[in-house]
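Scroll down for the structure; my scribbles are underneath it.
Nothing in this text is a laboratory measurement; each read-out follows from the coordinates by a stated rule. Because the structure is a prediction, the values reported are computed rather than measured. Every residue, glycine as well, gets a Cβ built from its backbone with ideal geometry; the counts of neighbours run over all protein chains shown.
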Amino acid sequence: MALYSEKVMDHFRNPRNVGVIEDADGIGEAGNPVCGDIMKIYLKIDNDIITDVKFETFGCGSAIASSSMATELIKGKPISEAKELTNKAVTEALDGLPAHKLHCSVLAEEAIRLALRDYFDKNNIPYDPAEYPDPGCESCCHTH
Ligand code: FES
């Protein structure tokens, strides 16, 4: 079996939603200090719906494919659904990632939640920090 699924290769070669949203409503950046990769997510939000999303990833192919798939999965969705997006869902949508590359998909989940937090903070919208954890040091301890 090939190491990477067709879907991973497709999203790696033709990533969707790459770029920057200049007037984003929320921006989230997640990094993995071990590999040094960084992912940044930009959200446009209207009436609780994610109307647009873009990403920049300075990272490995799996991180690029994960960001691309994650943006596709949350585009047009309500905040309540976007916040539930897990790295497992991203990985499943990609038809799997090799075990040692699973941590790459965690960046997408974290960056999206941080972008949602940023949106709430900017608009004085209360949220439960437990539902939007700031990965902080946690991510370095748990992704490897
Ligand atoms: Fe760092 Fe993939 S190796 S995100």
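When the charge dipole of region 6-144 is built from unit charges on Cβ atoms (+1 for Lys and Arg, -1 for Asp and Glu) and taken about the Cα centre, the candidate among Asn32, Pro78, Tyr127 whose Cα reaches farthest toward its positive end is Asn32.
What full-extension length gain, to one decimal in nm, is calculated for Val18 and Glu6 as 0.36 nm per residue of separation minus the Cα-Cα distance? If you can, show how the numbers build up before the last one.
Numbers: separation 12, 0.36 × 12 = 4.32 nm, distance 1.95 nm.
So the chain would gain 2.4 nm between Val18 and Glu6.
Our summary gives region 42-144 a relative contact order of 24 percent, counting only alpha carbon pairs under 8 angstrom and 6 or more residues apart.
At Glu56 and Asp121, where each label point lies 7 Å from the Cα along Cα→Cβ, what is the point-to-point distance in nanometres? Spacing of the two 7 Å Cα→Cβ label points: 1.8 nm.
Annotation for region 11-119: GluC sites (Glu not before Pro) lying in DSSP loop with at most 10 further Cβ atoms inside 10 Å of their Cβ are Glu22.
Estimated from helices alone, the mean residue ellipticity of the chain at 222 nm is -12500 deg cm²/dmol (sum of -39500 (n - 2.57) over DSSP H runs with n ≥ 4, per residue). Annotation for Lys88 and Asn47: the two label points, set 7 Å from Cα along the Cα-Cβ direction, are 3.3 nm apart. For Ala93, what is the net charge nearby, where nearby means another residue's Cβ is under 15 Å from its Cβ and Lys, Arg count +1, Asp, Glu -1? Around Ala93, the surrounding residues sum to -2. Here the spin labels are modelled as points 7 Å beyond Cα on the Cα-Cβ line, and at His100 and Ser80 they lie 4.2 nm apart.
In terms of other Cβ atoms within 10 Å, Cys60, Cys35, Cys104 run from fewest to most in the order Cys35, Cys60, Cys104.
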